[in-house]
Amino acid sequence: MAAVQVADRILRIFVSRLSQKGRFMRKKNIGSSVDSWLREEDIYVEVTATAIKRVLARQVKAAMKEKHFSKAEMARRMHTSRAALDRLLDPDYDAVTLSTLGKAATAVGRELRLELV
């Protein structure tokens, strides 16, 4: 199974668990067993990066909708092209720069936070 398909499946499971009664089901070791399996398959980093990118694309889309920004308006506020914005909003395009993410966050009145854990 390709890493992108695995990431998509994990994201669907994640979203379904969030939607059940508005929170995660609290079962011991659910997350750690998935993480362990991904590490064993040597796809943890790729799957995690793909899932994060998809979440960020959805968050930017949601913020644009909340602010009633069209794609043209969002691109203008980011000082970028509509094509660059389309790449940012494409959940399968993973070569988005931190600069582009920062511009998108600023355009919708949010901030971008990154951390090493």
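Just a few scattered comments:
- Taking other residues whose beta carbon is less than 11 angstrom from the beta carbon of residue 107, and scoring Lys, Arg as +1 and Asp, Glu as -1, yields +4.
- Rounded, prolate or oblate (a/c below 1.5 giving rounded, otherwise prolate when a/b exceeds b/c) for the range 57-115 by Cα gyration tensor: rounded
- Normalised by the number of residues in the range 42-98, the mean separation of alpha-carbon contacts (under 8 Å, six or more apart) gives a relative contact order of 43 percent.
- Taking a Cβ cut-off of under 15 Å around residue 65, the surrounding Lys, Arg, Asp and Glu residues balance to a net charge of +4, with basic ones at +1 and acidic ones at -1.
- Packing order of peptides 56-64, 95-103, 108-116, highest average first: 56-64, 95-103, 108-116 (average count of other Cβ atoms within 10 Å over each peptide's residues).
- Positive dipole terminus of the range 25-117, leading residue within 93, 75, 37 (C-beta point charges): 75
- Length available on full extension from residue 59 to residue 73: 0.36 nm per residue minus the Cα-Cα distance, which gives 3.4 nm.
- Counted by Cβ distance under 13 Å from residue 85, the other residues give a net charge of +4, where Lys and Arg count +1 and Asp and Glu count -1.
Values in this text are rule-based calculations from the coordinates and carry no lab data. The structure presented is a predicted model; accordingly, all values stated were derived computationally and were not measured. Here Cβ is always computed from backbone atoms with ideal geometry, including for glycine, and neighbour counts include all displayed protein chains.
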